[in-house]
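I have placed the structure first, in the form of structure tokens, so that the comments after it can refer back to it.
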Amino acid sequence: MSISDLDPRLITDQPGLAGAWAGFRRRLQQGELGSVPVVFGIAIIWLIFWIANSRFLSPGNLTNLVLQIAPVGTIAVGVVLVLLLGEIDLSVGALSGLCAAIMAVLNVQHGVPGWLAILAGLATGALIGGFQGFWTTRFRIPAFVVTLAGLLAWQGALLLVLGNTGTVNISDKTISGLENTFYVPLDTWILAVVVITLYAGSKLWEFRQRSAAGLPVPPLRTLVVRMVLLAAVVLAVAAVLNADRGLPLALIIFVGLVIIVDLLIRRTTFGRHVLAVGGNSEAARRAGIGVDNVRLMVFILASTLAAAGGILGASRLFAVNQSSGASDTLLNAIAAAVIGGTSLFGGRGSAWSALLGAVVIGSIANGMDLLGVQSSTKFLVTGGVLLLSATVDALSRRGRQAAGRA
């Protein structure tokens with residue numbers, strides 16, 4: 001199988017390895033390599049930490065890594081949507097803490113059932129997102145300013161909701177079970193087979209539909225290679241999780257949200273409108289797209305996902321306190337989205353970038369904790385990785401613009 005079989009865009013006038021190398025360089029310059037650099041980076045990070053401490057790749061530590069990244073990763077999925085618009089939401093961290101606090105106070109202090117308290121927290125996130133989105137679209141105030149005001153306001157609201165206690169401990173099994181429920185090996189293997197089957201079925205159906213419509217399709221052997229790779233990854237993850245406590249419910253929730261948002265972006269009219277607005281809002285407006293409505297809905301979705309991330313974080317810690325959603329929550333969520341491959345300039349990105357970026361951020365933090373490295377070094381390394389990702393994004397954008405002018 002040749003490189004050109006994998007992707008028609010790699011075909012160049014030069015034959016053999018020279019043509020393949022030229023095509024690779026062009027794709028690198030124009031940011032068309034997708035998730036490959038991030039996956040390669042994760043492999044390097046894991047290798048380094050495994051050499052430094054063999055416990056890093058143990059089933060127990062990898063399961064802990066999954067539980068650690070689920071809350072911030074969920075918030076990052078919402079950040080991806082905002083970044084696709086070419087906007088930024090600085091309130092997601094504080095908002096996640098506030099919504100988790102509302103859930104905890106309703107459940108612990110007012111006796112509201114756990115499931116209903118969770119829904120109340122999510123609804124609060126949606127309402128806040130609608131408020132911020134309305135303020136941005138109605139008064140044409142930059143989202144940066146509106147959400148910065150939200151960052152300050154929701155931190156104050158968190159303190160107000162918690163009151164004098166400062167900390168609310170959670171014992172409800174419905175809430176705590178979100179991050180502390182594990183499924184037995186049989187359930188894990190069954191789910192793995194279902195995921196592989198659904199992926200293979202969807203790809204083959206898409207291949208058949210595009211072929212019938214006369215649209216260009218990748219070679220069938222390329223699809224087979226992708227299916228085999230996905231199957232290997234899914235089965236490996238299942239084996240590692242089963243070697244410890246089993247499949248965490250938090251992972252199902254997190255990956256499920258990533259899949260839903262990915263389908264929303266790639267398979268729906270709304271998703272295409274989001275990409276169009278992020279690419280060129282004026283052109284989208286002239287094409288008849290309701291730009292303000294798209295922006296409003298994105299902020300609602302992003303805030304709801306931030307609330308979900310805050311709830312997962314509270315479930316993991318069995319508590320909500322005055323520092324919930326504070327510290328580096330906001331920065332890690334934005335960093336995860338950018339490091340995973342979502343462009344800061346709008347119009348380019350994927351929900352999967354939130355997952356990959358969260359794995360990068362979480363792996364760095366987890367590995368350095370195992371090595372006993374100081375927090376100062378951890379922040380420096382994470383900041384360096386973020387700056388590198390932003391630089392690659394800027395250079396790729398410049399390459400695409402140059403290619404467009406050519």
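How much area per residue is accessible in the stretch 140-278 when the probe is 1.4 Å and only protein heavy atoms are counted (Å²)?
57
By Kyte-Doolittle mean hydropathy of at least 1.6 and Cα axial length of at least 18 Å, which whole DSSP H helices of the chain are selected?
36-52, 59-84, 143-162, 220-242, 249-267
Quick one: length gained pulling LEU388 to ILE141 fully straight, 0.36 nm per residue minus the C-alpha distance?
85.9 nm
Quick one: pull the percent of accessible area on the chain belonging to carbon and sulfur, 1.4 Å probe, ligands and nucleic acids left out.
Exposed carbon and sulfur together represent 67 percent of the surface.
Rolling a 1.4 angstrom probe over the protein chains, ignoring ligands and nucleic acids, what is the accessible area of TYR183 in square angstrom, nearest 10?
Counting only protein heavy atoms, TYR183 exposes about 80 Å² to solvent.
Hey, what's the stretch 315-365 come to in accessible area per residue, 1.4 Å probe, Å²?
33
Would you mind classifying the stretch 292-406 by shape? Square roots of the alpha carbon gyration tensor eigenvalues, ordered a ≥ b ≥ c; an a/c under 1.5 is rounded, otherwise it is prolate if a/b is larger than b/c and oblate if not.
Note, shape of the stretch 292-406 comes out oblate.
Give the share of C-alpha pairs in each 10 angstrom bin for the stretch 95-247, from 0 to the last occupied bin, in whole percents, shortest bins first.
The calculated distribution, bin by bin, is 9, 22, 17, 22, 23, 5, 0.
Can you check what the Kirkwood hydrodynamic radius comes to for the stretch 77-161, Cα pairs only, in Å to one decimal?
Computed over Cα pairs of the stretch 77-161, the Kirkwood hydrodynamic radius comes out at 13.4 Å.
Which one, VAL392, VAL224, VAL72, has the greatest fluctuation when you compute a Gaussian network model over the chain with C-alpha springs under 10 angstrom?
Taking springs between Cα atoms under 10 Å, the residue moving most is VAL224.
In a Gaussian network model over the chain where Cα atoms closer than 10 Å are linked, find which of THR188, THR137, THR377 has the largest mean-square fluctuation.
Ranking THR188, THR137, THR377 by mean-square fluctuation puts THR377 first.
Given the -39500 (n - 2.57) contribution per DSSP H run of 4+ residues, what per-residue ellipticity at 222 nm results for the chain, rounded to the nearest 500 deg cm²/dmol?
The per-residue figure over the chain is -26000 deg cm²/dmol.
What distance in nm lies between label points placed 7 Å from Cα along the C-beta direction at LEU127 and SER54?
5.5
Between the stretch 247-279 and the stretch 309-346, how far is it from one alpha carbon centroid to the other, in angstrom?
The two parts, judged by their Cα centres, are 17 Å apart.
Could you identify which residue out of ILE88, ILE339, ILE260 has the top mean-square fluctuation in a GNM of the chain using Cα springs shorter than 10 Å?
ILE260
Based on Cα coordinates alone, diagonalise the gyration tensor for the stretch 168-322, multiply each eigenvalue by 5, take square roots, and list the semi-axes in whole Å, largest first.
Ellipsoid semi-axes (Å, largest first): 34, 29, 9.
Specify, per residue and in Å³, the volume enclosed by the convex hull of the alpha carbon atoms belonging to the stretch 239-284.
For the stretch 239-284, the hull spanned by Cα atoms encloses 81 Å³ per residue.
What does the extension gain come out to for ASP369 and ARG267, with contour length at 0.36 nm per residue minus their alpha carbon separation?
Stretched fully, the ASP369-ARG267 segment lengthens by 32.7 nm.
At q = 0.28 Å⁻¹, what is the base-10 log of I(q)/I(0) for the stretch 206-261 according to the Debye formula with one equal point scatterer per Cα and no solvent? Please give it to two decimals.
Log10 I(q)/I(0), no solvent term: -1.05.
Have a look at TRP189, ALA153, PHE139 and report the one farthest towards the positive end of the charge dipole of the stretch 126-206, computed about the Cα centre with Cβ charges (Lys/Arg +1, Asp/Glu -1).
PHE139
The values are calculated or read from the model by the stated rules, or taken from the named source; none is laboratory data. What you see is a predicted model, and the numbers here were worked out from it, not measured in a lab. In this analysis, Cβ positions are derived from the backbone assuming ideal geometry, glycine residues included, and neighbour counts consider all displayed protein chains. Quick note on the areas: whole protein, heavy atoms, side chains included, nothing else; ligands and nucleic acids left out. Shrake-Rupley method; radii C 1.70, N 1.55, O 1.52, S 1.80 Å.
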